[in-house]
Amino acid sequence: MELTDQTFAKSSLRRDSGPFGRARPRWGEKILERIFAICASISILTTAGIIGVLIFETAAFFQEVSLWDFLTDTQWTPLFAQKEFGIFVLISATFLTTVIALIVALPVGLLAAIFLSEYASEGLRKALKPALEILAGIPTVVYGYFALLFVTPILKTFIPGLAGFNSLSAGLVMGVMIIPTIASLSEDAIYAVPRSLREGAYALGATRREVITGVVIPAALSGIVAAFILGVSRAVGETMIVAIAAGQNPRMTLDPTVPVQTMTSFIVQVSLGDTPTGSLEYKTIFAVGMTLFLITLGLNIGSHWFVRKFREVYE
Amino acid sequence: MSTRNLAATSLEPSWSAVRGIRRVWDRIFGPLSLIATLLGLVVLAALLIDVFSDGLPRLSWQFLTSFPSRKPEEAGLVSALVGSILMIVVTAMVAFPIGVGAALYLEEYASDNAFTRFVEINIANLAGVPSIIYGLLGLEIFVRVMFSITNGRTVVSGGMTMALLILPVIIIATREALRAVPNSLRQAGLALGASQWQVIRDHVLPQALPGTLTGTILALSRAIGETAPLITIGALTYIAYLPPASPEALRTPFTVLPIQIFNWVSRPQKGFHEAAAAGIVVLLVVLLAMNALAIYLRNRYQRRAV
Amino acid sequence: MTVQTATETKTSTNGATGQTNYRASIKDPILMLNNVNVWYGNTHAVRNISFDIPRHQVTALIGPSGCGKSTVLRSLNRMNELIPIARTEGEVLVNGRNLYDASVDPVVVRRHIGMVFQKPNPFPKSIYENVAWGARINGYKGNMDELVEESLRGAALWDEVKDKLHESGLSLSGGQQQRLCIARAIAVKPEIILMDEPCSALDPIATLKIEDLMRELVKKYTIVIVTHNMQQAARASDYTAFFMVNDDRVGYLVEHNHTDEIFTNPKDKNTEDYITGRFG
């Protein structure tokens, strides 16, 4: 048997071949491989399960509520006697908290990424990077506690009209939680910019900051935008911080000082109560879940597409 | 440090010889980015100080061994602790074998075809789905459809839901660990006439195990802190009993640490807020211990690496 | 340019001596190196480099690989400082002022002494932006379109790109990219252009184009070029400096003279061996 560089290629590993015969596959091996393949398919089953469950209940929901009302109504009162189902009420609250969070997370995260990759010494970087990662590991219920019982009282001293539950505290704390996501992905993008590009800029008499903002960041932009989109996705899907600190009052507003209810908050509210299967309330949380799923799916796909399309080729 | 102009003959009046504003920007940019980096850490410190100062005084043996109660001073954590432990055991027992199996398939057996790529896309996608959606999935499938097996909103439903949630993380971590095993090791085993599974079982998997365990422990530590999916599947917030000491425990309603904290935070009385803070302290200590274990494992076995 | 005979030391011997054998005297040099030494951490890279660079001429730095010629080149515009462990001692004088004086800002130095690199490294921006950016950050307030055209003409690239100024700089061929880097460098109006093996990544035709370009450029600028290609040094330069590594692995200047003299009448045996291809 000829020894080639394909001899040990994965595709040939499945057969026992060679001068000692035994070209038939071993059955035990085959079964194991099948089992492992099934394990891998669980991921497909999970996705199918999520989509299937959401579609099933959402379809049932839309048999009772018209899609038009769902998209255009300006009130959200599914638990009252007079039921209204305007999803944009919830979306507006999600939007509000997300925007506040990104206003914090994007500049801070990006600047932190710049600091860690361009200014920090190796030792400093080794110390600060894990410290920032801790921010990502704190359970969100702890952030919720912090937002409600620490941040809101402090903000009240600056903003007298601030309600006990409001989207400002929740948004700010959510922003802090997202900082590591943006910082970490941005740093990867910045790190990938080749040294030769920076040297070319320095050689033109540029200051360090000009090299960073004029050449490095634009070259890393696709990765930074992807980080931003992923940050938005995380903010949209966040539940506990808003459930604890932002309130349970569905209202369509852009005022950050009043209680609001986000999509995720609503699902929690209903789940805490006693909701019989098959009831409209039950189906409603799936309709909201479907909306949430589509939004985050769109954002995640958008981020991948963006990177693929705009990734800088340096050479 | 002032600048001097060199070879003054080359300067044209339309170029700024003085670098005033450029220098200012250059000077402040570094410190500005440092401040940004520290901002997050300062908030983290504030959070920890706030939680520990409120929670530590409330921490006591009584707190750890009592049930929740309508009276803040008597509220305790034991049902939530037990619930968390039971649930995590179920999660680990489900997620670990499936996750490792899936990673083995993708790294060691699969060829690059449409199925493989489809699986990989799925895993990447699932990692980005909000955790509350997993709760909806668990609610419909495990709590409702599989009611006869799981008995509804019970430990086993919660455990399986969380298992699905952290599965992508375990798969990704295990794949990295498998990739780190040098190919020369596999070739050496195969060259002796061993079958693929023998090589994996005796050589690849043992070497990849520390990385796998580290990733799994980190994934489990994330699962312990998760709240939203479990609320959605209906983990209750007020459990005043312990599950029976039998397999039937898996089929009883339960609560977990983060949900108990959530419940206390949501009450108006200050006493409950302190209980919540104490609960947070316990949760953070558990997380710290798990992360420390994971890091210890990684360092210990990295030194031994070939 | 009068060339005076050696005022220094030993006549040539076999093997490296560590001493500069001959150094041409230059009237009114634009750059003077005095005992320049560079260390990378604890490694002594080049020792006691002293020679002069004449105005509006091409000076080539040649020598076997590892002899420190790139290090010497990069010490002329303080690019070595971008490496944290690098340390430079000695003087580099421009019109009498030491570039390494504490009062001198390296950023300003680099505007006046530009650099073209071995592997073309245009920015991932449009051709127009590649040329304009350096000028813009240095405060150019004039007509940018004119400056871009002037610089691209100066780099013999205008005719080839004038219809596609807004396409990416990376869409050009290797030789064109390198000329784009030259255009970018001259847009900030330096006095001196340093070139670190600018043609080693290019094909022979592109190489010749760049060598012709150097002949034109030198009317307005002074050029110092590092090259490992001796024929290129012989063809394209007016003065040549030959470097070598001593037994203690430290680079030093062996001989510096008018190019004709170096290649027809080298004063040092090592120079003769190198240019006849006996080593390197």
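Read the figures in this text as sums done on the coordinates, not as results from a lab. Just so it is clear, the model here is predicted, and its values are computed rather than measured. Virtual Cβ from ideal backbone geometry, glycine too; neighbours counted across all protein chains shown.
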Can you spot the aspartates and glutamates whose alpha carbon is less than 14 Å from C:Lys164's alpha carbon? Ignore those fewer than 8 places along the same chain. C:Glu129, C:Asp145, C:Glu149
Along region B:228-245, what does the Karplus equation 6.51 cos²θ - 1.76 cosθ + 1.60 (θ = phi - 60°) give for ³J(HN,Hα), rounded to whole Hz, x for Gly and Pro? 3, x, 6, 4, 5, 6, x, 4, 6, 9, 9, 10, 10, 8, 9, x, x, 7
In chain A, whole DSSP H helices that both stretch 20 Å or further along their axis by alpha carbon positions and average at least 1.0 on the Kyte-Doolittle scale are A:27-62, A:87-114, A:167-191, A:221-237
Report the Cα centroid-to-centroid distance between region C:103-171 and region B:97-149 in angstrom, as an integer. 52 Å
Can you give me the long-range amide H partners of C:Leu61? Hydrogens built in the peptide plane at 1.01 Å from N, cutoff under 5 Å, separation of 5 or more residues or another chain. C:Ile225, C:Val226, C:Thr227, C:Ala241
Return one number: the angle in degrees, 0 to 90 and rounded to the nearest 10, between the long axis of the Cα atoms of helix C:204-217 and the longest principal axis of the Cα atoms of chain C. 90 degrees
Here are some pairs, C:Lys27/C:Lys219; C:Lys189/C:Lys220; C:Lys69/C:Lys119; C:Lys119/C:Lys189; A:Lys156/B:Lys270; C:Lys189/C:Lys219; which of them have Cα atoms lying more than 20 Å apart in this structure? C:Lys119/C:Lys189
Fewest-first ranking of A:Ser303, B:Ser60, C:Ser126, A:Ser265, using other Cβ atoms within 10 Å as the exposure measure: B:Ser60, C:Ser126, A:Ser303, A:Ser265
Shape category assigned to the protein assembly as shown from the gyration tensor of Cα positions, a/c cut at 1.5: prolate
Proximal aspartates and glutamates to C:Lys267, defined as alpha-carbon separation beneath 16 angstrom and excluding residues fewer than eight positions away on the same chain: C:Glu8, C:Glu255
Take the alpha carbon gyration tensor of chain B, find the square roots of its eigenvalues, order them as a ≥ b ≥ c, and report rounded if a/c is under 1.5; if not, report prolate when a/b exceeds b/c, else oblate. oblate
Does chain A come out rounded, prolate or oblate by the C-alpha gyration tensor, with a ≥ b ≥ c the root eigenvalues, rounded set by a/c under 1.5 and, if not, prolate when a/b is larger than b/c and oblate if not? oblate
Between 0 and 90 degrees, rounded to the nearest ten: what's the tilt of helix C:144-154 against the longest Cα principal axis of chain C? 40 degrees
Antiparallel as a % of all DSSP beta bridges within the protein assembly as shown, to the nearest 5? 60 percent
Order by neighbour count: C:Met230, B:Met162, fewest other Cβ atoms within 10 Å first, most last. C:Met230, B:Met162
Ranked on Cβ counts within 10 Å of their own Cβ, fewest leading, C:Phe242, A:Phe61, B:Phe52 go B:Phe52, A:Phe61, C:Phe242
For C:Ile30, distant residues with modelled amide H under 5 Å away: C:Ile53, C:Arg55
Quote the relative contact order of chain C in percent (integer), defining contacts as alpha-carbon pairs under 8 Å separated by 6+ residues. 29 percent
Relative to the first principal axis of the alpha-carbon coordinates of chain C, what is the inclination of helix C:174-187, with its axis defined by its Cα atoms, in degrees from 0 to 90 and to the nearest 10? 90 degrees
Rounded to whole Hz and in sequence order, give me ³J(HN,Hα) for region C:50-55 from the Karplus expression 6.51 cos²θ - 1.76 cosθ + 1.60, θ = phi - 60°, writing x for Gly and Pro. 9, 6, 10, 10, x, 5
Taking A:Lys83 as the anchor, which lysines have their alpha carbon closer than 21 Å to its alpha carbon, excluding any fewer than eight residues away along the same chain? A:Lys283
